[in-house]
Structure formats: structure tokens, C-alpha cells
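Novice: Below is the structure I would like to discuss, written out as C-alpha cells.
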Amino acid sequence: MQVKLNGEMITTDSKNLLELLQEYKIQAKSVAVAVNLEIIKQEQWNSYIFKENDTIECLTFMGGG
């Protein structure tokens, strides 16, 4: 399946968001995930099935001062 991950088209066999994060070694505790501009709660990542050509953005939090 092809999806856009952080602005780049990728091909993945992952079936849900959690598998995708694990496949790309994205630290789950340090990101928020949006699919097609909708934030998906972390407790839903294991059950959220994305579709062909979805846009997935992994957003990290940065502190500043």
C-alpha cells in the first residue's frame, strides 16, 4: 500500500498506525499522529487502519524558551 508519510510517498505492508511507526522506528511516546489532518489518539493507533494514499504526519513536540 502507498501512503504519504511526513511528506514522502512510501510503500508499506503495515496494517495500522502502530505497525507503521514500528516499521519506521518512530518513537511512539514522543509523537502525535495525524491522518489526513485529523489527530488520532495514541490508544487508537493499534486499531486505526489507514487507506491507500492517506497522508500521515508524525509530529514531534519541541520545547523552547
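Novice: Please name all residue pairs, on different chains or six or more residues apart, with Cβ atoms under 6 Å, provided the first residue is in segment 47-63 and is among the aliphatic types (A, V, I, L, M) and the second residue is part of a loop (DSSP other than H, G, I, E, B) and open to solvent by less than 60 Å² (accessible area, probe 1.4 Å).
Specialist: Ile49/Asn16
Novice: For segment 1-42, which fully contained strands (runs of 3 or more DSSP E) count at least 2 residues that are surrounded by 13 or more Cβ atoms within 10 Å (Cβ to Cβ) and either touching a Lys or Arg at 6+ places or on another chain (Cβ under 7 Å) or aliphatic (A, V, I, L, M) (or both)?
Specialist: 2-5, 31-35
Novice: Filter segment 51-65 for residues that are out of contact with any Lys or Arg (no Cβ under 9 Å at 6 or more places or on another chain) and not small (Gly, Ala, Ser); which is surrounded by the fewest Cβ atoms within 10 Å (Cβ to Cβ)?
Specialist: Top of the filtered list is Met62.
The values are calculated or read from the model by the stated rules, or taken from the named source; none is laboratory data. Bear in mind the structure is a predicted one, so any value in this text is a computation, not a measurement. Neighbour counts run over all protein chains shown; Cβ positions are idealised from the backbone, glycine included. Surface accessibility is based on the protein's heavy atoms, side chains included, excluding ligands, DNA and RNA. Shrake-Rupley method; radii C 1.70, N 1.55, O 1.52, S 1.80 Å.
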